[in-house]
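Peer 1: Sharing a structure here in structure tokens format.
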Amino acid sequence: MSTYHPLTEQEAINIARNIEQFFPADASLSCKEIGDGNLNLVFHITDSVSGKSLIMKQALPYAKVVGESWPLTLDRARIESEKLMLEGKLAPGLVPQVYQYDPVLSLTVMEDLSDHVIMRRGLIEGNEYPLFAGHISTFLANTLFFTSDLGMNQQEKKLQVKNFINPELCKITEDLIFDDPYTVSDNNNIEAAIEDAAAALRSNDALHLEVAILREKFLTKAEALLHGDLHTGSIFIKKDSTKVIDPEFAFYGPMGFDIGAIIANLLLNYAGQAFWTKDDADREAFRNELLNTIVSIWEQFHDKFLALWEAHGVDRLANEAKGYKEYYMKHVLQDTIGFAGAKMIRRIVGLAHVADIDRIEDAAIRNAAQRQALNIGTELIVRNRSIQSIYELIDIVKSN
Ligand code: SR1
Ligand code: MG
């Protein structure tokens, strides 16, 4: 039996050859390591004879983005494969199919989605995805409702909380999102030209209070099984298909953290789109489409979640108490807004940035986009607990 070690491309081919009934006996396999994320190896294996292909994702025992000095549990590969398989049942067609999981090698073998593109790249190139709001709202409503105390056996849910305990990956989020941006930290990555804006984050008492409250929710509110890192780099997309990937940060947390992650990353693209070479009318049309998508995601999520609650709610009092559903949905909205703000700010001053903004070559234009993202993020956080409607988010975006 082999022990854990990072695979070579040849070893990945040998494993692929032995996957039952996938490649034909006369397959001529080739392999390329294509991982461009922060944490893992990703092997793309293709058969030039049948045209069939698959992906193998292997966790490394450290954070690739930093190096071996930042050790990281391999258990995240188990969490990712189990979460992907659960998502496949709860939101069919919206995640890649898992063919096999090897716990020794921390290796997940799954469907190749090379006919899709990473959504962040698609948005940067100016593509529109009119079906996305419908797809992602279904993914969110189904995965969040059916893993919550509203939609599953509440004793079974406690066992799932235990199964998906993910302390090391949560610690990354606690540090990078809910601490570092608001203090002086070696983890931060701040352009000198916006140091004044970063300093303002460190001295804003009202902001710190709200971030502390959001952090507390992240630490304690085991509301539903989250994806945990639902940015546009965790989504493969094409016009008629959306596939959510990479749930290695999965854990039981507040629903708004997943919904807010999607919204934050659409808004980061919005800030980055401000400075295209496109003409003004095209640029504004694209930006308005991003805002319409955000409204549509929230409204469709809201309606789908309530429909699931109506049809499948398991908690008698939660089902029947007058005003409880309205109370619940309002708090999910407010959490969504607050977490969206926190996720925007971390991508400007924190460790890991986003290409939507960093790819802007002109420094003055890039810095203006960074400032806009920080301003929107700050206002979303400071106002989150008083928000009553998704349209208030739109007003905040347009006034910055
Ligand atoms: C050290 S990992 C940096 C970031 O990459 C992942 O995608 C998460 O967003 C994490 O915060
Ligand atoms: Mg990832």
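Peer 1: Convert each backbone phi in the range 293-304 into a coupling constant with the Karplus relation 6.51 cos²θ - 1.76 cosθ + 1.60 (shift: θ = phi - 60°), then list the ³J(HN,Hα) values in order as whole Hz, x for Gly and Pro.
Peer 2: Whole-Hz 3J(HN,Hα) from phi for the range 293-304: 4, 4, 4, 5, 4, 4, 5, 5, 4, 3, 5, 5.
Peer 1: Let me ask something else. Give the residue from I357, M344, V382 lying farthest towards the positive end of the charge dipole for the chain; charges sit on Cβ (+1 for Lys and Arg, -1 for Asp and Glu) and the dipole is referred to the Cα centre.
Peer 2: After comparing all options, I get V382.
Peer 1: Moving on to the next point. Excluding I297 itself, calculate the net charge of residues whose Cβ lies under 13 Å from the Cβ of I297, where each Lys or Arg counts +1 and each Asp or Glu counts -1.
Peer 2: -3
Peer 1: How would you classify the range 178-243 from its alpha-carbon gyration tensor, with a ≥ b ≥ c the square roots of the eigenvalues: rounded for a/c under 1.5, else prolate if a/b is greater than b/c, otherwise oblate?
Peer 2: Judged from the Cα gyration tensor, the range 178-243 comes out oblate (a/c at least 1.5, b/c at or above a/b).
Peer 1: Right, something else. Cα centroids of the range 18-95 and the range 286-315: how far apart, whole angstrom?
Peer 2: The distance from the Cα centre of the range 18-95 to that of the range 286-315 comes to 31 Å.
Peer 1: Just to be sure I understand: if I project the alpha-carbon convex hull of the range 240-388 onto a plane and average over all orientations, what area do I get in nm²?
Peer 2: 11.2 nm²
Peer 1: Could you pull out the GluC sites (Glu not before Pro) across the range 60-125 that fall in loop regions by DSSP (anything but H, G, I, E, B) with no more than 12 other Cβ atoms inside 10 Å?
Peer 2: When the GluC sites (Glu not before Pro) of the range 60-125 are filtered for loop state and at most 12 Cβ neighbours within 10 Å, E125 remain.
Peer 1: If you average the sequence gap of Cα pairs under 8 Å that are 6 or more apart and divide by the length of the chain, what percent do you get for the contact order?
Peer 2: 17 percent
Peer 1: Could I ask something else about it? Compute the length gained on full extension between K398 and A200: take 0.36 nm times their separation in residues and subtract their Cα-Cα distance, giving the result in nm to one decimal.
Peer 2: This chain segment gains 69.1 nm when fully extended.
Peer 1: Run down the aspartates and glutamates and flag those whose C-alpha is under 14 Å from the C-alpha of K162, throwing out any fewer than 8 positions away in its chain.
Peer 2: In chain and number order, the partners are D75, E82, E223.
Peer 1: For a 19 Å ceiling on Cα separation, which of these pairs sit above it: K221/K330; K330/K398; K243/K343; K32/K239; K89/K221?
Peer 2: With Cα atoms farther than 19 Å apart: K330/K398; K243/K343; K32/K239; K89/K221.
Peer 1: Give me the aspartates and glutamates in straight-line cross-link reach of K64: C-alpha distance below 13 Å, same-chain residues under 8 apart excluded.
Peer 2: D36
Peer 1: Given all pairs of different Cα atoms, what value in angstroms does the Kirkwood hydrodynamic radius of the chain take?
Peer 2: With all distinct Cα pairs of the chain included, I get 21.9 Å.
Peer 1: For the range 57-164, what Kirkwood radius comes out of the mean inverse Cα-Cα distance, in Å?
Peer 2: 16.3 Å
Only the coordinates and a few stated rules stand behind these numbers; no lab work does. Being a predicted model, the structure only gives us computed values, none of them experimental. Virtual Cβ from ideal backbone geometry, glycine too; neighbours counted across all protein chains shown.
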